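Peer 1: Structure below; questions to follow.
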């Protein structure tokens with residue numbers, strides 16, 4: 001009896017066991033292939049979310065208990081190459097309402113930014129300073145108008161030039177929890193402006209520094225306009 005005949009008869013005799021082994025191996029291969037495919041898809045999705053969240057930014061310097069002076073960005077820029085962009089951002093939280101009070105959105109991420117910030121998004125053409133702005137899809141950025149991301153735009157459902165009221169807590173020189181601060185009562189400032197447009201995710205609409213996958217409710221305000229209102233008590237001092 002030849003070797004091949006012995007192998008064939010062995011396989012035929014244990015055909016049930018061999019069939020089970022082949023099916024189990026095929027099933028494991030399908031499971032592993034699916035896991036690898038899903039893993040690559042999840043990794044690609046997370047990378048895409050991260051790129052839209054931080055854009056072309058590499059490093060962020062945060063002050064959790066206060067704010068940096070805008071002059072810090074200018075001083076840092078003097079020691080770096082010309083192609084490096086340093087964008088100061090005033091980050092706070094606020095509440096958006098309509099003038100008649102019919103709509104109220106709380107815990108809105110308020111970003112005070114300027115032209116330097118709009119040079120860092122994934123796609124500059126989708127920003128208020130890009131080609132979409134030239135096509136009149138956005139109002140003029142320096143007009144002091146409010147710009148929102150897509151998630152907040154769906155909540156507001158406003159049209160161009162509709163009035164919006166932003167209410168924010170005024171920062172203090174001392175923590176309001178300090179016993180001798182004398183500032184236990186929260187102080188608030190308001191900005192009444194018109195709606196300028198919706199910034200898509202490609203234009204930094206999803207900007208955020210939180211380590212999660214939730215798209216924030218974001219309101220963009222010109223940096224100088226936000227500074228005048230938010231830090232007015234500091235100017236008086």
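Peer 1: Is it the case that residue 11 is at pLDDT below 75 and under 27 Å from the mean Cα position of the chain (by Cα)?
Peer 2: No, not satisfied.
Residue by residue, here is whether (1) in contact (Cβ under 8 Å) with a residue 40 or more places away in the chain; (2) touching a helix residue (DSSP H, G or I) at 6+ places or on another chain (Cβ under 8 Å); (3) farther than 25 Å from residue 148 by Cβ; (4) not assigned by TED's automatic domain parsing to the domain that holds residue 160 holds:
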| residue | (1), (2), (3), (4) |
| --- | --- |
| 18 | no, yes, yes, yes |
| 22 | no, no, yes, yes |
| 34 | no, no, yes, yes |
| 47 | no, no, yes, yes |
| 66 | yes, no, yes, yes |
| 71 | no, no, yes, yes |
| 84 | no, yes, yes, yes |
| 94 | yes, no, no, no |
| 115 | no, yes, no, no |
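Peer 1: Filter the stretch 209-231 down to residues that are part of a loop (DSSP other than H, G, I, E, B) and modelled with pLDDT under 85 and give me whichever is surrounded by the fewest Cβ atoms within 10 Å (Cβ to Cβ).
Peer 2: Among those that are part of a loop (DSSP other than H, G, I, E, B) and modelled with pLDDT under 85, it is 211.
The values are calculated or read from the model by the stated rules, or taken from the named source; none is laboratory data. All values derive from a computational prediction rather than experimental measurement. For neighbour counting, all protein chains shown are included, and Cβ atoms are generated from backbone atoms with ideal geometry for every residue, glycine included.
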